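*Asks:* So that we are looking at the same thing, I have put the structure below in structure tokens.
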Amino acid sequence: MRSGSLELFTPFTPLCVLALSSCTPAMVSRTTSDVLSSVVLAGSPTGPRPGAAGPSAPAVIETAEDYIGVPYRWGGTSPRTGFDCSGYVRYVYAQQGVQLPRTSREQANAGERVTPRISALRQGDLMLFAERTTISHVAIYAGGGRIIHSSSSGGGVRYDDLATRRGKWFAQHMVAARRLAVDGRSLVQALDLLTRRNMPLDPPDHAPPPQ
């Protein structure tokens, strides 16, 4: 496990959420290993919205696959111009009727907390990654030990196998996971509750390039 620290902040709810150092609430620092072992992660669901339908995992992955090969573009939110990591995840889930906030740090509050272990994940879950002190990348778990995401180091939307050298980099940097639907019910809160003001866009990832 790599060294470093993740900064957890106390937001307007009683539960912790990953944020930037410009936020005003009190800060509690933990090492990455502390965060992983105690599973103190970003946010908590407020419950499904009344009548909200959740997407099916196969439909999410089928939609995600439609954009394989779309190039990476920092700040990108469209298949016409390219995607960054969170722009891609947001776009895919929007096609399933689920509205997510813009950045990976905001998306780390959506839905239901999942233990950040590959064995605990279900198809369609979000995987959140941190290279330094804050979450900076997001991918969709596709099942079978694979993720699908828009990766700067991979050139765009692609699958990555978590058993490869490149995939292990992502597995080692995973710090949180979120489930957006259970039994056909959306677990995503209202968009205004998830959105943070002036949140910087996600930076490029620095995973090893594909072999």
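The values are calculated or read from the model by the stated rules, or taken from the named source; none is laboratory data. Not measured: the values here are computed from a predicted model. Cβ sites come from the backbone with ideal geometry, for glycine too, and all protein chains shown count toward neighbours.
*Asks:* Within the stretch 151-163, is even one residue aromatic (Phe, Trp, Tyr) and more than 21 Å from residue 105 (Cβ to Cβ)? Even if it seems obvious, please write down each step before you answer.
*Replies:* Step one: list which residues in the stretch 151-163 are aromatic (Phe, Trp, Tyr), which gives 159.
From what is left, the residues that are more than 21 Å from residue 105 (Cβ to Cβ) are 159.
Yes, some residue in the stretch 151-163 is aromatic (Phe, Trp, Tyr) and more than 21 Å from residue 105 (Cβ to Cβ).
*Asks:* Enumerate the pairs (first residue in the stretch 145-161 and acidic (Asp, Glu); second residue anywhere and assigned to a loop (DSSP other than H, G, I, E, B)) with beta-carbon separation below 7 Å, excluding pairs fewer than 6 apart on the same chain, so at least 6 apart or on different chains.
*Replies:* 160/154; 161/145
*Asks:* Does the stretch 173-185 include one or more residues that are over 19 Å from residue 109 (Cβ atoms) and part of a loop (DSSP other than H, G, I, E, B)?
*Replies:* yes
*Asks:* Related question: How many of the residues making up the stretch 172-193 are modelled with pLDDT of 90 or more and surrounded by 15 or more Cβ atoms within 10 Å (Cβ to Cβ)?
*Replies:* 8
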